[in-house]
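See structure below.
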Amino acid sequence: MKYMDVYSELKERGIYVFSIDDLLKIFSSERDIVKQQIFYWKKKGWVRTLKKGIYEIDYPKRKELPDLFIANRLYEPSYVSLETALSHYSLIPEVAIGVTSVTTKPTREFRNHYGFFKYRTVVERAYCGYRLIDYRGQDVKIAEPEKAFVDYIYLNNGLNMDELRVNKRKLNELNKDRILGYAYVLNKTVVDVVEDVYANL
């Protein structure tokens with residue numbers, strides 16, 4: 001595989017972050033050969049590692065990608081949720097601790113030149129309630145505001161409204177029935193917390 005052929009094909013397909021499997025799906029080659037090529041391209045400074053097995057194009061022109069998009073690609077399956085999604089929907093003040101996501105895989109943390117990425121594990125039945133949005137020109141999977149709220153309660157064993165500085169007006173604008181629906185998917189404790197929150201708004 002010639003690098004410029006790979007670069008042109010990936011650019012045409014809009015693939016700026018890729019794995020070995022991505023290249024194998026597009027080009028007729030063997031895994032060992034692709035791994036050797038990537039190793040060579042990294043030494044030349046043509047591609048950059050985002051984490052083991054995930055790379056981005058760095059030459060002749062690197063596309064600056066949004067961190068929420070990077071979060072989706074770093075660890076799959078996952079969707080942006082928790083503090084990042086709550087901040088995105090203005091339910092809490094803007095936070096700068098990196099991107100928080102939900103996954104069905106083990107909890108993980110990654111750091112690269114885009115920033116810090118944290119993934120929290122949920123059970124399979126709770127991997128729902130997300131949407132695909134256009135975020136700075138890229139498709140990003142992010143929790144609906146109601147699901148992000150429930151994810152936070154579930155993964156933090158409760159909710160301190162004052163500590164999280166929840167915008168009560170914004171919270172009142174959400175669909176309470178949808179929030180309770182997601183809560184019932186999880187457990188009674190989450191349902192009780194949701195009921196208590198709304199009883200004290």
query = Which residues, taken from segment 24-75, are in a helix (DSSP H, G or I) and within 22 Å of the chain's Cα centre (by Cα)?
reply = ASP67, LEU68, PHE69, ILE70, ALA71, ASN72, ARG73, LEU74
key: Matching option when the condition is in contact with a Leu (Cβ under 8 Å, 6 or more places away or on another chain) and closer than 23 Å to TYR119 by Cα, among LEU155, LEU159, LEU201   = LEU155
request  = Select from segment 1-43 the residues that are surrounded by 11 or more Cβ atoms within 10 Å (Cβ to Cβ) and of a type in the set (Lys, Arg) and list them in ascending order.
outcome  = LYS11, ARG13, ARG31, LYS35, LYS42
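Hey, among ILE38, ILE97, which residue is aliphatic (A, V, I, L, M), in contact with a helix residue (DSSP H, G or I) (Cβ under 9 Å, 6 or more places away or on another chain) and at pLDDT below 95?
On the way: ILE38 fails: at pLDDT below 95.
From the options ILE38, ILE97, the qualifying one is ILE97.
From the list ARG131, ARG125, pick out the single residue that is at negative phi and free of Cβ contacts under 8 Å to residues at least 40 places away in the same chain.
ARG131
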task = Scan ALA148, ALA126 and give me the residue that is buried (at least 19 other Cβ atoms within 10 Å of the Cβ), more than 14 Å from the chain's Cα centre (by Cα), among the aliphatic types (A, V, I, L, M) and modelled with pLDDT of 95 or more.
result = ALA126
key: Candidate set from segment 86-115 (those that are within 13 Å of the chain's Cα centre (by Cα) and of a type in the set (Gly, Ala, Ser)); member that is nearest to ARG62 (Cα to Cα)   = GLY115
query = Would a scan of segment 146-167 turn up a residue that is in contact with a Ser or Thr (Cβ under 7 Å, 6 or more places away or on another chain) and either farther than 13 Å from ALA85 by Cβ or free of Cβ contacts under 8 Å to residues at least 60 places away in the same chain (or both)?
reply = yes
request  = Determine if segment 104-117 includes at least one residue that is touching a Ser or Thr at 6+ places or on another chain (Cβ under 6 Å) and surrounded by 17 or more Cβ atoms within 10 Å (Cβ to Cβ).
outcome  = no
message = So, SER90, is that one buried (at least 17 other Cβ atoms within 10 Å of the Cβ) and more than 18 Å from TYR55 (Cα to Cα) or not?
response = no
request  = Kindly establish whether SER78 is in contact with a helix residue (DSSP H, G or I) (Cβ under 9 Å, 6 or more places away or on another chain), assigned by TED's automatic domain parsing to the domain that holds LEU164 and at positive phi.
outcome  = no
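Restricting attention to segment 1-22, which residues are part of a helix (DSSP H, G or I) and either in contact (Cβ under 8 Å) with a residue 40 or more places away in the chain or farther than 25 Å from ARG108 by Cα (or both)?
Once the filter is applied, which keeps residues that are part of a helix (DSSP H, G or I) and either in contact (Cβ under 8 Å) with a residue 40 or more places away in the chain or farther than 25 Å from ARG108 by Cα (or both), segment 1-22 yields TYR3, MET4, ASP5, VAL6, TYR7, SER8, GLU9, LEU10, LYS11, GLU12, ARG13.
The values are calculated or read from the model by the stated rules, or taken from the named source; none is laboratory data. Please read these numbers as outputs of a predicted model, since none were measured by experiment. Heads up, the Cβs are rebuilt from the backbone with ideal geometry, glycines too, and the neighbour counts pull from every protein chain shown.
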